[in-house]
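Heads up: the structure comes next, in structure tokens.
No lab work stands behind these numbers, since they all come straight from the coordinates. Predicted model, so just to flag it, every value in this text is computed and none were measured. No Cβ is skipped: glycine too gets one built from the backbone with ideal geometry, and neighbour counts run over all protein chains shown.
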Amino acid sequence: MARLKAQPRVALAGSLDEQAFFDALADPIRRRILALLLDADERCVCELHGALAAPQPKVSRHLGVLREAGLVLARRNGVWMHYRIHPQLPTWALRVMIHMRDGIGEVLDPVPLGACGPAGDRARPVPMPRPITASTESAMTTTPKTVLVLCTGNSCRSQMAEALINHDLAGLVRALSAGTRPQPKVADGALEALRLADIPTEGLNPKDVDRFLDQDLDLVVTVCDNAKESCPIFPRPVRAIHLPFHDPHGEPLESFLAVRDDIRARLIPAVREALGV
């Protein structure tokens, strides 16, 4: 039986341990790792240790600290671990990290596909950091818009929407999801549909909408009619759109795949249009 690992100190937006956050930022290598991750959807550990010119075990130890603090998520792809910024970090933490990246003044050039070889060796050298330019500076200083996706149980459609938005609009939009009556767990079919599309699922879990009432939101999207009817009144004015999707609960995996593709085809463009990104 695999040994259980300690869970990060932040699993949900708004619960970030501030002391752990600033402790994680105290090390210069960890600051550079975060700066590199902010400039991409996700990065392989081989890219990071190549860009940092540091031994991979040392980089992995620093990544472990960042995971424990709840700043990054990880997934395994073959022999390599891939890392990304936690999509549910609160806005203030993202702003601190973006300003920190500006101070570092470096970003990583795109790594060619196949830079991580299947046998564990890099097939091609990883480009080193390059000086920041005016065009990249503009992109780096933009704070992502925050969208909250609502449904009743927060176990299927809204979870897939959260994961797809965070993947397809990474760096532009930060997606959260919640339910008016959240279920105990995310539907297995939803998780499998995301995995089959190579969409990270770590950190997905049902959440009550009440926890987000005080969040700074740019958009609320309801994806089922019940959630639209019972959507709470937010204390701050926020734009809302309604885009319902079929509920595949109790149906074969093919139904979950169809809903996943429908969300990607209709919701992603609607969010881009509503937020102007």
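For Ile29 and Met100, the difference between the fully extended length at 0.36 nm per residue and the C-alpha to C-alpha distance is 24.3 nm. Using the Cβ-Cβ distance between Ala53 and Arg181 with R0 set to 41 Å, the FRET efficiency from 1/(1 + (r/R0)^6) comes to roughly 0.20. Applied to region 269-277, the Karplus parametrisation 6.51 cos²θ - 1.76 cosθ + 1.60 on θ = phi - 60° returns per-residue 3J(HN,Hα) values of x, 5, 5, 4, 5, 5, 9, x, 10 Hz, with x for Gly and Pro. Model label sites at Glu229 and Asp41, defined 7 Å from Cα along the beta-carbon direction, differ in position by 3.7 nm. Which FRET efficiency value, to the nearest 0.05, is calculated for Glu273 and Thr143 with the Förster distance at 25 angstrom and r the Cβ-Cβ distance? Efficiency, rounded to the nearest 0.05: 0.85. Distance from the Cα centroid of region 168-216 to that of region 242-260 is 15 Å (rounded to whole angstrom). A Stokes-Einstein calculation at 25 °C with viscosity 0.890 mPa s, built on the Kirkwood radius of region 145-275 over Cα pairs, returns a diffusion coefficient of 171 µm²/s.
A simple spin-label model places pseudo-atoms 7 Å from Cα toward Cβ; at Glu251 and Arg61 they are separated by 5.1 nm. Shown is the FRET efficiency for Arg76 and Asp216, computed with R0 = 35 Å from the Cβ-Cβ distance and rounded to the nearest 0.05: 0.55.
Multiplying the residue separation of Glu202 and Phe22 by 0.36 nm and removing their Cα-Cα distance gives an extension gain of 62.5 nm.
Applying both filters, DSSP loop and at most 16 other Cβ atoms within 10 Å, to the GluC sites (Glu not before Pro) of region 141-230 gives Glu202.
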